[in-house]
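The values are calculated or read from the model by the stated rules, or taken from the named source; none is laboratory data. The shown structure was predicted, so the numbers you read here are calculated from the model rather than taken from an experiment. Positions of Cβ are generated from backbone atoms using ideal geometry, with glycine treated the same way; all protein chains shown enter the neighbour counts. For the accessible areas, the whole protein counts, side chains as well, though only heavy atoms, and no ligand, DNA or RNA atoms are used. Shrake-Rupley method; radii C 1.70, N 1.55, O 1.52, S 1.80 Å.
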Amino acid sequence: MIKEILLPDLGEGIESADVSDVMVAPGDALAIDDIILVLESEKASMEIPSEEAGTVQKVFIAVGDQVKPGEILIIMDVAVEPDGKKEKIKLKQRVKQKPREKPEDTPYPAIEEKEPSEKSSFSTPGVRKLARELEIDLTIISGTGLKNRVTKDDLHGYIRAQMAKPAGGILATAMPAIDFSQWGKIEHQPLNKIKRITGERLQQAWQTIPHVTQFDQADISKLDAARKVLKTETAEKSIKVTFLPFIMQAAVETLKEFPEFNSSLDHTGKSLVIKKYYHFGIAVDTPDGLTVPVVRDVDQKSLLDLSSNLMDISSRARRNKLKPEDMKGSSFTISSLGGIGGTYFTPIINPPEVAILGVSKSTWKPIYDPETKEIIPKYVMPFSLSYDHRVIDGAAAAAFTARFAEIVSNGSFFKKPSAD
Ligand code: CAO
């Protein structure tokens with residue numbers, strides 16, 4: 001039986017509304033309650049369901065149309081049983097017989113992702129609104145609703161799956177494809193593997209750890225003098241002594257006084273694992289990108305041992321000769337840009353650690369000495385400490401940097417070079 005389906009009264013004094021989605025096309029088999037179209041009025045979005053079951057013959061509405069109650073929406077061949085009764089109940093039963101799979105123990109079903117499509121996907125206004133707010137492309141979600149509609153559970157399942165991923169998948173999928181060539185010449189340069197892996201780790205660390213960075217500076221004039229002597233003494237041994245071994249030893253001394261900076265949160269997030277070993281991750285700049293090999297047992301090594309270790313790992317890092325063991329087990333990380341330049345930066349914590357020291361280039365500065373009432377030139381090293389605020393309080397971090405500055409300025413603790 002052919003029947004015209006009209007727009008019902010929209011209530012609440014709504015006289016007309018705009019069509020934001022048409023969910024049916026000629027030839028579609030509709031069950032009762034299947035959505036015919038979605039309207040956006042000034043007051044709300046609403047779905048208009050079918051009160052009949054049957055086959056769509058003709059569609060009179062399109063996205064963007066303004067429609068009024070009583071207006072014809074579609075023509076349907078309404079299903080009629082041989083005895084003249086409509087198939088309503090039968091169709092409803094059929095729909096009910098196809099419950100969506102939803103595991104008992106998970107609140108949302110596992111959602112399959114698919115390639116983005118230029119075709120819009122079927123979903124309810126609420127789902128589309130949430131997706132718009134979170135900048136999620138609904139066409140990549142396989143809908144489990146009727147006619148593959150993306151349901152609220154599908155969207156929630158997708159969001160949960162993205163949150164469980166190690167890297168921020170939502171961010172990646174939220175990046176729109178932009179044709180930059182419309183504004184000028186461009187060149188595509190694929191990121192190499194190191195950059196991609198480091199990028200994912202950095203993004204994860206940045207998104208999951210509440211970072212705070214404390215800035216400070218240290219007078220390293222004495223250290224500068226000590227290094228010059230050592231550098232001359234070791235020149236013939238082909239060992240390059242930079243500031244970094246001194247800084248590493250000063251960091252060990254400070255960490256011994258502030259053990260929570262040499263820790264990790266355990267898997268429950270409810271207790272700290274304090275490490276009694278001092279293995280330092282050292283950020284090394286290589287032609288292929290940033291990598292962080294580990295120098296072990298920094299507390300047991302002399303300045304020369306540390307210098308040779310640094311030469312070894314940085315040279316192997318730059319020749320892609322690091323082994324997996326070289327990258328594991330660090331308890332604290334130092335990133336030194338002192339050989340390059342800049343004053344202060346905000347290093348990103350190297351998980352599962354809770355703090356990272358960023359060292360910047362030292363410069364000579366006129367510093368006022370209140371004791372002698374003189375202005376004295378001092379070699380001043382700016383540095384930054386980023387820390388996990390779940391574990392470390394701001395006061396502790398400021399105390400840590402002040403103590404580190406004191407230790408590094410004093411210079412008396414430096415371990416003598418080893419005999420060889
Ligand atoms: N102030 C002044 N001079 C400094 C300095 C500082 N804080 N730190 C280093 N220098 C000097 C060194 O003493 C050396 O001078 P000499 O030739 O007179 O000895 C020169 O700068 C070059 O040092 P270097 O960088 O080769 O050696 P290093 O031991 O200081 O650092 C390494 C080694 C591997 C850490 C470094 O080469 C490197 O790769 N740094 C980049 C790390 C990075 O990219 N971090 C960014 C991470 S973003 O979070």
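To keep it simple, each residue is scored yes or no on (1) surrounded by 15 or more Cβ atoms within 10 Å (Cβ to Cβ); (2) under 28 Å from the mean Cα position of the chain (by Cα).
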| residue | (1), (2) |
| --- | --- |
| Ser362 | yes, no |
| Lys378 | yes, no |
| Ser384 | yes, yes |
| Ala402 | no, no |
| Asn410 | yes, no |
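Residues are listed down the side, and each one gets a yes or a no for (1) over 21 Å from Ser302 (Cβ atoms); (2) more than 11 Å from the ligand (Cβ to nearest atom):
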site: Gln203; (1), (2): yes, yes
site: Asp219; (1), (2): yes, yes
site: Val229; (1), (2): no, yes
site: Thr232; (1), (2): no, yes
site: Glu236; (1), (2): no, yes
site: Phe243; (1), (2): no, no
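Could you please find all residues in the range 345-387 being under 16 Å from Leu244 (Cα atoms) and in a loop (DSSP other than H, G, I, E, B)?
Narrowing the range 345-387 to residues under 16 Å from Leu244 (Cα atoms): 356-363, 379-385.
Across the range 345-387, the qualifying residues are Ser360, Lys361, Ser362.
Taking into account only those residues within the range 289-302 that are of a type in the set (A, V, I, L, M, F, W, C) and within 11 Å of the ligand (Cβ to nearest atom), which is farthest from Leu255 (Cα to Cα)?
Within the range 289-302, the subset of a type in the set (A, V, I, L, M, F, W, C) is 290, 292, 294-295, 298.
Checking which are within 11 Å of the ligand (Cβ to nearest atom) leaves us with 290, 292, 295.
Numbers: Leu290: 25, Val292: 20, Val295: 16 Å.
Ranking the qualifying residues of the range 289-302, first place goes to Leu290.
Can you name every residue in the range 202-235 that is closer than 20 Å to Arg403 by Cβ, touching a Pro at 6+ places or on another chain (Cβ under 9 Å) and of a type outside the set (Gly, Ala, Ser)?
Thr213, Phe215, Asp216, Gln217 - these are the residues of the range 202-235 that are closer than 20 Å to Arg403 by Cβ, touching a Pro at 6+ places or on another chain (Cβ under 9 Å) and of a type outside the set (Gly, Ala, Ser).
Say whether the condition of being of a type in the set (A, V, I, L, M, F, W, C) and under 25 Å from Met381 (Cβ atoms) is met by at least one residue in the range 262-279.
So far as the range 262-279 goes, no, none of its residues is of a type in the set (A, V, I, L, M, F, W, C) and under 25 Å from Met381 (Cβ atoms).
Pairs needed: first member in the range 317-331, in the same structural domain as Val273 (by TED's automatic domain parsing); second member anywhere, of a type in the set (D, E, K, R) and assigned to a helix (DSSP H, G or I); C-beta distance under 7 Å; at least 6 residues apart or different chains.
Leu322/Arg316
In contact with a strand residue (DSSP E or B) (Cβ under 8 Å, 6 or more places away or on another chain), closer than 22 Å to Ala402 by Cα, at pLDDT 95 or above and near the ligand (Cβ under 10 Å from one of its atoms) - does that describe any residue in the range 247-264?
Yes, there is a match, as at least one residue in the range 247-264 is in contact with a strand residue (DSSP E or B) (Cβ under 8 Å, 6 or more places away or on another chain), closer than 22 Å to Ala402 by Cα, at pLDDT 95 or above and near the ligand (Cβ under 10 Å from one of its atoms).
Could you please find all residues in the range 312-327 being open to solvent by 50 Å² or more (accessible area, probe 1.4 Å) and within 16 Å of the ligand (Cβ to nearest atom)? Before you say what the answer is, go through the steps one by one.
Here is the first cut: in the range 312-327, the residues open to solvent by 50 Å² or more (accessible area, probe 1.4 Å) are 312, 318-321, 323-325, 327.
Across the range 312-327, the qualifying residues are Asp312, Arg318, Arg319, Asn320, Lys321, Met327.
Grab the helices (runs of 4 or more DSSP H) fully contained in the range 153-268, keeping just those with 1 or more residues being hydroxyl-bearing (Ser, Thr, Tyr) and touching a Lys or Arg at 6+ places or on another chain (Cβ under 8 Å).
Of the helices (runs of 4 or more DSSP H) lying wholly inside the range 153-268, those with at least 1 residues that are hydroxyl-bearing (Ser, Thr, Tyr) and touching a Lys or Arg at 6+ places or on another chain (Cβ under 8 Å) span 221-234, 244-257.
Return yes or no: is Thr286 farther than 25 Å from Thr401 by Cα, within 12 Å of the ligand (Cβ to nearest atom) and among the β-branched types (Val, Ile, Thr)?
yes
Can you find, within the range 282-302, the residue that is nearest to the chain's Cα centre (by Cα) among those that are closer than 17 Å to Leu357 by Cβ and of a type in the set (D, E, K, R)?
Asp285
Condition first: among the aliphatic types (A, V, I, L, M) and within 16 Å of the ligand (Cβ to nearest atom). Can you find one or more residues in the range 269-283 that meet it?
Yes, the range 269-283 has at least one match.
Can you find, within the range 175-209, the residue that is most open to solvent (accessible area, probe 1.4 Å) among those that are of a type outside the set (S, T, N, Q) and in contact with a strand residue (DSSP E or B) (Cβ under 7 Å, 6 or more places away or on another chain)?
Once the filter is applied, the top-ranked residue is Lys195.
Taking the condition of being more than 16 Å from Ala283 (Cβ to Cβ) and within 12 Å of the ligand (Cβ to nearest atom), how many residues in the range 343-379 meet it?
Count: 5.
Test each condition in (1) of a type outside the set (D, E, K, R); (2) open to solvent by less than 70 Å² (accessible area, probe 1.4 Å); (3) within 14 Å of the ligand (Cβ to nearest atom) for Ser331 and report the one that comes out false.
(3)
Within the range 303-311, can one find any residue that is open to solvent by less than 30 Å² (accessible area, probe 1.4 Å), within 20 Å of Leu357 (Cα to Cα) and away from the ligand (no atom under 12 Å from the Cβ)? Break it down stepwise before answering.
Residues of the range 303-311 open to solvent by less than 30 Å² (accessible area, probe 1.4 Å): 303-304, 306-307, 310.
If we keep only those that are within 20 Å of Leu357 (Cα to Cα) too, we end up with 303, 306-307, 310.
Right, trim to away from the ligand (no atom under 12 Å from the Cβ) and you get none.
No, because not a single residue in the range 303-311 is open to solvent by less than 30 Å² (accessible area, probe 1.4 Å), within 20 Å of Leu357 (Cα to Cα) and away from the ligand (no atom under 12 Å from the Cβ).
Restricting attention to the range 269-290, report how many residues are hydrophobic (A, V, I, L, M, F, W, C), loosely packed, with under 15 Cβ neighbours inside 10 Å and under 28 Å from Gly199 (Cβ atoms).
So the answer is 1.
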